[in-house]
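The values are calculated or read from the model by the stated rules, or taken from the named source; none is laboratory data. The shown structure was predicted, so the numbers you read here are calculated from the model rather than taken from an experiment. Positions of Cβ are generated from backbone atoms using ideal geometry, with glycine treated the same way; all protein chains shown enter the neighbour counts. For accessibility, only protein heavy atoms count, side chains too; no ligands or nucleic acids. Shrake-Rupley method; radii C 1.70, N 1.55, O 1.52, S 1.80 Å.
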Amino acid sequence: METINNGKSILEALVDIDISWQSIQYYAGLAGSLAGQHVQLSGGSFAYTRREPLGVCVGIGAWNYPFQIACWKSAPALACGNAMVFKPSPFTPISAVLLAEIYDEAGLPKGLFNVVQGGAATGQFLCHHPKVAKVSFTGSVPTGIKIMEMAAKGSAKWRLEPGNDPLIIFYCSKVEKILLPCLPVKEGLPSYLEFTEEPCKASSVEVTIGILMETIVAGGEVCCNGTRVFVERSILPAFTEEVVRQTKNIKIGDPLLGDTRMGPLINRPHLEKVLSFVKQAKEQGAEVLCGGEAFVPEDPKLKDGFYMSPCVLGNCEDNMTCVKEEIFGPVMSILAFDTEEEALERANSTRFGLAGGVFTRDIQRAHRVVAELQAGMCFINNYNISPVEMPFGGYKMSVVNFHKLDWEPSFG
């Protein structure tokens, strides 16, 4: 159902649902342990704090992870004793209703999780409502700014979540396990390719496969994708060659088929928007190394689908729009660098700060670099994994406040 709802491959949708139930299970177990603090004072006195529910929380979901986002927003809110009104994207209205039915079947009291459908007007009404204590929004910067302004006029708290994330690839990168879902699928979930230690040049190229998959997963429609890929100049040719080769081998087609790696984008306006980014990149001097065009699958039933071929851009510069803005599509921009200091300065030169990653065999360098990356979530020799026990968030224009209960005390 999530694949029909969104268009992502069935392989990716299975992972999303797996993460979703883990999230609900985790917060259900955590709910009974929520408590305030006892503080001993001088003279035998003491003070204590209590955690109290906020009340009615609003969740506004995005179309890239419809079911998972609904779970991520509702589970911690409900665990803290709040009620939630959730508005899914009008492009993906189905799976949030299924979640409401699941909660109802599990015995959740009536009225604690509610789904309302609608577009911008519905969202504005919810944000302006005087009884709403918190607004949690996942989506674009322009819409997020409007929600901040609306929430600021009342008493509601808020959080946002866009990104344009850097990956930094150093010479002699060592990656023993990289995130490449491979077929056949075992028990409905992706397995992983494992690499033992290889000579520097080989493993530096191998890491491209994992990065590539993170860029095109869900058609590139992921806020924490590593789309700005900074590559040490000495390995740039080998890196680029392998990325292009792997990109051309990605199977595009019916997302309900198990061997499809990339389905359609969410709708035609978004497809046209992503293609316009590629066109603009060419006009600004970037080189389209592969892809970046509308794609028509062989299956005649899919001829009117919103498909495009995943794109790799070379010869990119920091001032190009494709590098500065969140494209939210299957487009990777490759940039060369010479020194660690240069890579960090350029990686941080953005208004976003959601995620970032570094690939290197030098563990001291790895921790030194992630400590300097201006991002809420940093990864070393892997990327884009989201354990339910860990926070999901960033800073700058990417996520004001964090997802998940232990890191989001304002839920209760």
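Numbers below:
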quantity: Residue under evaluation Gly263, criteria (1) modelled with pLDDT under 90; (2) touching a Lys or Arg at 6+ places or on another chain (Cβ under 6 Å), criterion not met; calculated: (1)
quantity: Odd one out for Gly7, checked against (1) small (Gly, Ala, Ser); (2) surrounded by fewer than 24 Cβ atoms within 10 Å (Cβ to Cβ); (3) at positive phi; calculated: (2)
quantity: Residue within segment 309-322 that is touching a Gly at 6+ places or on another chain (Cβ under 6 Å) and over 15 Å from Lys273 (Cα atoms) present; calculated: no
quantity: Total residues in segment 263-302, condition among the β-branched types (Val, Ile, Thr) and in contact (Cβ under 8 Å) with a residue 60 or more places away in the chain; calculated: 1
quantity: For Pro53: the one exception among (1) open to solvent by 40 Å² or more (accessible area, probe 1.4 Å); (2) not in a loop (DSSP other than H, G, I, E, B); (3) not aromatic (Phe, Trp, Tyr); calculated: (2)
quantity: Qualifying residues in segment 226-253 (those that are farther than 25 Å from Arg361 by Cβ and hydrophobic (A, V, I, L, M, F, W, C)) - the one surrounded by the fewest Cβ atoms within 10 Å (Cβ to Cβ); calculated: Ile250
quantity: Candidates Ile145, Ile94 - the one that is open to solvent by 50 Å² or more (accessible area, probe 1.4 Å), β-branched (Val, Ile, Thr) and either under 21 Å from Gln22 (Cα atoms) or touching a strand residue (DSSP E or B) at 6+ places or on another chain (Cβ under 7 Å) (or both); calculated: Ile94
quantity: Qualifying positions in segment 247-276 - closer than 23 Å to Asp299 by Cβ, over 20 Å from the mean Cα position of the chain (by Cα) and assigned to a helix (DSSP H, G or I); calculated: Thr247, Lys248, Arg268, Glu272, Leu275
quantity: Given (1) closer than 30 Å to Pro264 by Cα; (2) more than 16 Å from the chain's Cα centre (by Cα), number of the condition Ser42 does not satisfy; calculated: (1)
quantity: Qualifying residue in segment 82-90 (condition: part of a loop (DSSP other than H, G, I, E, B), under 20 Å from the mean Cα position of the chain (by Cα) and buried (at least 21 other Cβ atoms within 10 Å of the Cβ)); calculated: yes
quantity: Failed criterion for Ser74 (all others in (1) over 30 Å from His270 (Cα atoms); (2) assigned to a helix (DSSP H, G or I); (3) hydroxyl-bearing (Ser, Thr, Tyr) hold); calculated: (1)
quantity: Qualifying residue in segment 218-229 (condition: in contact with a Lys or Arg (Cβ under 6 Å, 6 or more places away or on another chain) and either at pLDDT 50 or above or on the phi < 0 side of the Ramachandran plot (or both)); calculated: yes
quantity: Odd one out for Ala100, checked against (1) within 30 Å of Gly263 (Cβ to Cβ); (2) within 22 Å of the chain's Cα centre (by Cα); (3) crowded, with 16+ Cβ neighbours inside 10 Å; calculated: (2)
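Quick grid of which residues meet (1) touching a helix residue (DSSP H, G or I) at 6+ places or on another chain (Cβ under 8 Å); (2) over 15 Å from Leu99 (Cα atoms); (3) in a helix (DSSP H, G or I); (4) without any contact (Cβ under 8 Å) to a residue 24 or more places away in the chain:
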position	(1), (2), (3), (4)
Leu11	no, yes, yes, no
Asp16	yes, no, yes, no
Gln22	no, no, yes, no
Gly29	no, yes, yes, yes
Leu34	yes, yes, no, no
Gly43	no, yes, yes, yes
